[in-house]
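The next block holds one structure in the form of structure tokens; read it before the comments.
The values are calculated or read from the model by the stated rules, or taken from the named source; none is laboratory data. Computed from a prediction, not measured in an experiment: that's the story for all the values here. We place every Cβ from the backbone using ideal geometry, glycine too, and count neighbours over all the protein chains shown. Protein only, heavy atoms only, side chains kept; ligands, DNA and RNA dropped before computing areas. Shrake-Rupley method; radii C 1.70, N 1.55, O 1.52, S 1.80 Å.
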Amino acid sequence: MITVTGATGNVGRELVRILAEGGEAVTAVSRGEARELPVGVPHVRADLTDPGSLRPALDGADALFLLVAGDDPRGVVDAARAAGVRRVVLVSSLGVATRPDAYRHHAAFETALRRSGLDWTVLRCGGLNSNAFAWAGSIRADRVAAAPFGDVGLPMVDPADVAEVATAALLQPGHAGAVYELTGPAPTTPRERAAAIGAALGEPVRFVEQTREEARQQMLAFMPEPVVEGTLAILGEPLRAERRVSPDVERVLGRAPRPFAEWASRSTAAFR
């Protein structure tokens, strides 16, 4: 059985669907109520900030899909090992390698896994295409998308590709001890992503470029300050490693990663 934390999120929801449709036994875990889970998939409410709350969700599990959340990575990993979990796939961040001071929290989860004695795979993602859902309200209301650094390109990754790589790492041999960097097929800029959403909608979306400080204040409402500063640095002055298109999605899945425009065409309901 596979336990999926963050099962109502953009990656976790897709992962649960893939596993369930493939006939795997899955337990979906989230902090809140679950909606739109596949028929027959049980849901357990638990919070990664409280490793003890995971016990019911891990009962009978031999594999775990894990998000970075909470301040006790060792407690989460210990709970998984005590429950009999043998394999863990962790969604981390490319920032662990490129901005270690800003992404110490993610690094702590990676370290806890490496020391756990379990089989582990780390998926280091850059930006997810689904970050564009932050524009949903303004696009629905005014057909406007606002972001800083409008002409700086990064190779954002489709959360569905992350879910498919996670599926391979959970079910197939050969991925233990691997660290995969997951990106899309090409860099896109915020301005280009807004235009792609407009094309998918069949209506133009106007792009408004924020100042760095405007974006910083907005992000501080839901992100710790070190992560905000690291994220703004990546968005505005990306390093070569952060602009690089990684071969890892294609290496694992045997196909190129999906482009942003494909994600936009699948996601129009959020922006109408």
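For this structure, a couple of remarks:
- Taking amide H as placed 1.01 Å from N in the peptide plane, Ser92 has its amide H under 5 Å from the amide H of Leu123, Arg124, Cys125, each at least 5 places away in sequence or on another chain.
- Solvent exposure of the chain amounts to 46 Å² per residue of accessible area, where only protein heavy atoms count and the probe is 1.4 Å.
- With N as its number of residues, segment 1-127 has a Cα radius of gyration that, divided by 2.2 N^0.38 Å, comes to 1.00.
- Across q = 0.12, 0.25, 0.29 Å⁻¹, segment 32-96 modelled as identical point scatterers on its alpha-carbon atoms has Debye log10 I(q)/I(0) values of -0.32, -1.20, -1.36, in the order of the q list.
- Relative counts (whole %) of C-alpha pair distances in segment 6-45, using bins that are 5 Å wide: 6, 29, 42, 19, 4, 0
- Carbon/sulfur fraction of accessible area - the chain, other protein chains in place, 1.4 Å, %: 50 percent
- Val26 long-range amide H proximity, modeled H, under 5 Å: Ile2
- From the coordinates shown, P(r) over Cα pairs in 10 Å bins from 0, in percent corresponds to which of [x] 6, 21, 26, 24, 15, 6, 1, 0; [y] 7, 26, 29, 15, 8, 7, 6, 2, 0, 0; [z] 7, 29, 36, 23, 6, 0: [z]
- Using alpha-carbon coordinates, inclination of helix 104-114 to the longest axis of the chain, degrees: 30 degrees
- Altogether, the Stokes-Einstein calculation at 4 °C and 1.567 mPa s, with the Kirkwood radius of segment 114-272 over Cα pairs as Rh, returns a diffusion coefficient of 77 µm²/s.
- Of Glu164, Glu110, Glu33, the residue with the greatest mean-square motion in the GNM of the chain, using alpha carbon springs below 10 Å, is Glu33.
- The HN-Hα couplings worked out from phi for segment 70-84 by the Karplus form 6.51 cos²θ - 1.76 cosθ + 1.60 (θ = phi - 60°) are x, 10, 10, x, 5, x, 5, 5, 5, 5, 5, 5, 5, 7, x Hz, whole numbers, x standing for Gly and Pro.
- Taking the longest Cα principal axis of the chain as reference, the axis of helix 10-21 is set at about 50 degrees.
- 3J(HN,Hα) couplings calculated from phi for segment 88-100 with the Karplus curve 6.51 cos²θ - 1.76 cosθ + 1.60 (θ = phi - 60°) are, in sequence order, 10, 10, 10, 8, 10, 9, 4, x, 4, 8, 9, 9, x Hz; Gly and Pro show x.
- For segment 129-143, Karplus couplings with θ = phi - 60° (6.51, -1.76, 1.60), whole Hz, Gly/Pro x: 3, 5, 4, 5, 4, 4, 8, 4, x, 6, 6, 4, 7, 10, 6
- Sorting the segments 61-72, 234-245 by their mean number of nearby beta carbons within 10 angstrom, highest to lowest, gives 61-72, 234-245.
- Its Kirkwood hydrodynamic radius, worked out from the mean inverse distance over all distinct Cα pairs, puts segment 179-238 at 13.6 Å.
- Computed over the chain, relative contact order equals 18 percent, with contacts defined as Cα pairs under 8 Å that lie 6+ residues apart.
- Ellipticity estimate at 222 nm from DSSP helix runs (n ≥ 4, -39,500 (n - 2.57)) divided over the chain, nearest 500: -11500 deg cm²/dmol
- Counting all C-alpha pairs of segment 199-272, share separated by more than 19 Å (%): 62 percent
- Amide H to amide H, with H built 1.01 Å from N, Leu128 comes under 5 Å of Val157, counting only residues 5 or more places away or on other chains.
- Spatially, segment 219-239 and segment 123-194 are offset by 16 Å when compared through their Cα centroids.
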